[in-house]
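Worksheet: the structure to be examined is printed underneath.
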Ligand SMILES: [Zn+2]
Ligand SMILES: [Zn+2]
């Protein structure tokens, strides 16, 4: 198993991450990746950059070295209707939007009913590309019901390599989530959620083991090939799709 891109990474625009965009891209190039997405934390997370950070990605180059750069955000889900903490006008200009639950933004536990409602709401949002680290036990949802909605709405379910370190409660849930995705034809991505270049290198291998164990097909893994990635950007009507397709294909 190998991937051609990492679609969830952080830069030192948050002080709890440690490397610049250039350093992250350089490491991705060394790993042989063709593309990577920088997805810094949206403003409701403590220690996140100002909203201007996400409006100003247009100053950055499409290529750094040999790596095609996608500039995006890890947006916060703020309520059980699936409300997010960036306006649509900003989300529309991003190359890749990962929507995640973080405890500073959704305090406490959710019932399964609340978690279902939250993700079904996010599934309807046309500006969300990917569902981040949703396997957490505190926010357990009905994987069969909701992955059907994700598949129908072209939402990619992320398996997150950082969860093995920082969200261990959900590790047993990852297998069940993956099986529901397989059953319902829901596409996934394998991401490191790296906050350092070391995590870019090291966070992927546990995910490879998981997909290999259940023989998850590569055609459902959006970062398994350049063809899959470009097709996904097109499905999401991302403005960058044509330019990136022209470079990668
Ligand atoms: Zn972070
Ligand atoms: Zn996160």
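With respect to the conditions (1) touching a helix residue (DSSP H, G or I) at 6+ places or on another chain (Cβ under 9 Å); (2) in a loop (DSSP other than H, G, I, E, B); (3) away from ligand 1 (no atom under 16 Å from the Cβ), residue 32 falls short on a single one, namely (1). Scanning the stretch 144-170 for residues that are farther than 26 Å from residue 199 by Cβ and either surrounded by 24 or more Cβ atoms within 10 Å (Cβ to Cβ) or within 16 Å of ligand 2 (Cβ to nearest atom) (or both) yields 146, 147.
Residue 19 fulfils the conditions (1) on the phi < 0 side of the Ramachandran plot; (2) surrounded by fewer than 21 Cβ atoms within 10 Å (Cβ to Cβ); (3) within 16 Å of ligand 1 (Cβ to nearest atom) except for a single criterion, (2). In summary, helices (runs of 4 or more DSSP H) completely within the stretch 144-249 and bearing 3 or more residues that are closer than 23 Å to residue 91 by Cβ occur at 226-235, 241-248. Within the stretch 118-143, restricting attention to residues that are away from ligand 1 (no atom under 16 Å from the Cβ), in a loop (DSSP other than H, G, I, E, B) and out of contact with any strand residue (DSSP E or B) (no Cβ under 9 Å at 6 or more places or on another chain), the residue that is nearest to residue 239 (Cα to Cα) is 126.
Tell me yes or no: at least one residue of the stretch 69-78 is under 30 Å from residue 140 (Cα atoms), touching a helix residue (DSSP H, G or I) at 6+ places or on another chain (Cβ under 9 Å) and away from ligand 1 (no atom under 16 Å from the Cβ). Yes - at least one qualifying residue is present in the stretch 69-78.
Taking the listed residues 64, 90, 4, the one that is under 22 Å from residue 159 (Cβ atoms) and either touching a residue at least 40 places away in the same chain (Cβ under 8 Å) or away from ligand 1 (no atom under 16 Å from the Cβ) (or both) is 4, with no other qualifying. Filtered by the rule that a residue be more than 16 Å from ligand 1 (Cβ to nearest atom) and within 18 Å of residue 154 (Cα to Cα), the stretch 182-215 gives 182, 183, 184, 185, 186, 187, 188, 189, 190. Residue 107 meets all of the listed conditions (1) modelled with pLDDT under 95; (2) more than 22 Å from residue 171 (Cα to Cα) but one, namely (2).
The values are calculated or read from the model by the stated rules, or taken from the named source; none is laboratory data. This structure is a prediction, so every number in the text was calculated from the model and none was measured. All Cβ positions, glycine included, derive from the backbone under ideal geometry; neighbour counts span all protein chains shown.
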